[in-house]
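Peer 1: This structure is in structure tokens; I'll ask about it shortly.
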Amino acid sequence: MPDAFAEDIEEVLVPAARIRDRLDELARQIEEDYADVDDLLIVGVLKGAYVLMSDLARRLRMPTSVDFMAVSSYGAATTSSGVVRILKDLDTEIEGRHLLIVEDIIDSGLTLDYLLGNLRSRGPASIEVMTLLTKPSRRRVDIPVRYVGFEVPDVFVVGYGLDYDEHYRNLDFIGTLRPEVYS
Ligand code: PRP
């Protein structure tokens, strides 16, 4: 880890090697589950999912297409509504397609709850969810998540796509920040 990063990190929660091994397992599982699907559409939710999308897509030995969505994160005042704004929609129609939504983390579940409702209304053949991280203790709505990398405790995590103030997304591990970095 570069020194500039190392001094900001308090603890490494998921080392890079564990992420790689888990992605290998999940990719094999996805290949099995979608063995009969001609063209799986993998949808990354920006920005956090961009690292996972790249690493996952290159592990899948099957026909896939890739697309992205960008959504606004709701402010504190609107967390109870769970309404998110779509900043970038899919480029393609998804009626009759098989979708795998890829997230870096599921926290309250509100973002995905909204997204899944929105996407289901477009008539896809199927929708499943993959997330690298989940914080079950924070969940406010039940989300059907088929592929989970790791459960993490309710602590602020960065790395592997996850940011603090847009930094640390490029770390290849998941870690926590020293409190003095964000206080
Ligand atoms: C994160 C994450 C999910 C969402 C999860 O995105 O990528 O989309 O929050 O939270 P929830 O389960 O409580 O809805 P964020 O808003 O941080 O945007 P980013 O991916 O661009 O960093």
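Peer 1: Rounded to the nearest percent, how much of the accessible area of the chain (1.4 Å probe, protein heavy atoms only) is carbon and sulfur? Write down the numbers at each step before the final one.
Peer 2: Working: 4340 of 9290 Å².
Ligands and nucleic acids excluded, carbon and sulfur give 47 percent.
Peer 1: To the nearest 10 degrees, how steeply does helix 50-59 sit against the main Cα axis of the chain, on a 0 to 90 scale?
Peer 2: 60 degrees
Peer 1: For Arg140, what charge total do you get from the other residues with a beta carbon under 12 Å from its beta carbon, if Lys and Arg give +1 and Asp and Glu give -1? Numbers along the way, then the final one.
Peer 2: Details: positive: Lys135, Arg138, Arg139; negative: Asp107, Asp113, Asp142.
Charge balance in the 12 Å sphere: 0.
Peer 1: To continue, here is another question. To the nearest 10 square angstrom, how much accessible area does Tyr160 have with a 1.4 angstrom probe?
Peer 2: The accessible area of Tyr160 comes to roughly 10 Å².
Peer 1: Using a 10 angstrom Cβ neighbour count of at most 16 plus a DSSP loop assignment to flag exposed trypsin sites (Lys or Arg not before Pro), which longest range of the chain is free of such sites?
Peer 2: Numbers: sites that count: Lys47, Arg61, Arg85, Arg122, Arg139, Arg140, Arg146.
The reported range is 1-46.
Peer 1: A follow-up question, please. Could you give the accessible area per residue of the chain, probe 1.4 Å, as a whole number in Å²? Write out the running numbers ahead of the final one.
Peer 2: Details: 9290 Å² over 183 residues.
Dividing the accessible area of the chain by its residue count gives 51 Å².
Peer 1: Let me ask something else about it. At a threshold of 8 angstrom on Cα-Cα distance, excluding pairs fewer than six apart, so keeping six or more, what relative contact order does the chain reach in percent? Write out the running numbers ahead of the final one.
Peer 2: On the way: 328 pairs, mean separation 45.2, N = 183.
This gives 25 percent for the chain.
Peer 1: Using a 10 Å Cβ count of at most 13 others and DSSP loop calls, identify the longest part of the chain lacking such GluC sites (Glu not before Pro). Walk me through the numbers before you get to the answer.
Peer 2: Numbers: sites that count: Glu7, Glu93, Glu95, Glu166.
Here the longest segment lacking exposed loop sites spans 8-92.
Peer 1: Ranked from the most accessible area to the least, with a 1.4 Å probe and all protein chains present, what is the order of Thr92, Thr131? Can you show the working numbers first?
Peer 2: Details: Thr92 60, Thr131 0 Å².
Descending order: Thr92, Thr131.
Peer 1: HN-Hα J couplings of region 110-122 from phi, Karplus 6.51/-1.76/1.60, θ = phi - 60°, integer Hz, Gly and Pro as x?
Peer 2: With coefficients 6.51, -1.76 and 1.60, one gets 5, 4, 5, 4, 5, 4, 4, x, 4, 6, 4, 5, 8 Hz.
Peer 1: Mind ranking Ser73, Ser108 by accessible surface for me, highest first, 1.4 Å probe? Intermediate values should be presented prior to the final figure.
Peer 2: On the way: Ser73 105, Ser108 15 Å².
Result of the area sort, largest leading: Ser73, Ser108.
Peer 1: Farthest toward the dipole's positive end in the chain, which of Leu41, Pro153, His167, given Cβ charges of +1 (Lys, Arg) and -1 (Asp, Glu) about the Cα centre?
Peer 2: Result: Leu41, furthest along the dipole toward the positive end.
Peer 1: Shape verdict for the chain, please, from the Cα gyration tensor: rounded (a/c under 1.5), prolate (a/b greater than b/c) or oblate. Working shown, then result.
Peer 2: Numbers: a/c = 1.98, a/b = 1.33, b/c = 1.50.
Because a/c hits 1.5 or more and a/b fails to exceed b/c, the chain counts as oblate.
Peer 1: Convert each backbone phi in region 64-71 into a coupling constant with the Karplus relation 6.51 cos²θ - 1.76 cosθ + 1.60 (shift: θ = phi - 60°), then list the ³J(HN,Hα) values in order as whole Hz, x for Gly and Pro.
Peer 2: Working through the residues one at a time gives 9, 10, 10, 9, 9, 10, 10, 10 Hz.
Peer 1: With runs of 4+ DSSP H residues as the only contributors, calculate the mean residue ellipticity of the chain at 222 nm using -39,500 (n - 2.57) per run, divided by the residue total and rounded to the nearest 500.
Peer 2: Dividing the helical sum by the residues of the chain leaves -7500 deg cm²/dmol.
The values are calculated or read from the model by the stated rules, or taken from the named source; none is laboratory data. A quick note: this is a predicted structure, and the numbers were derived from the prediction, not measured. Methodologically, a virtual Cβ is constructed for each residue, glycine included, from the backbone with ideal geometry; neighbour enumeration extends over all protein chains shown. The accessibility values were calculated without ligands, DNA or RNA, using every heavy atom of the protein model including side chains. Shrake-Rupley method; radii C 1.70, N 1.55, O 1.52, S 1.80 Å.
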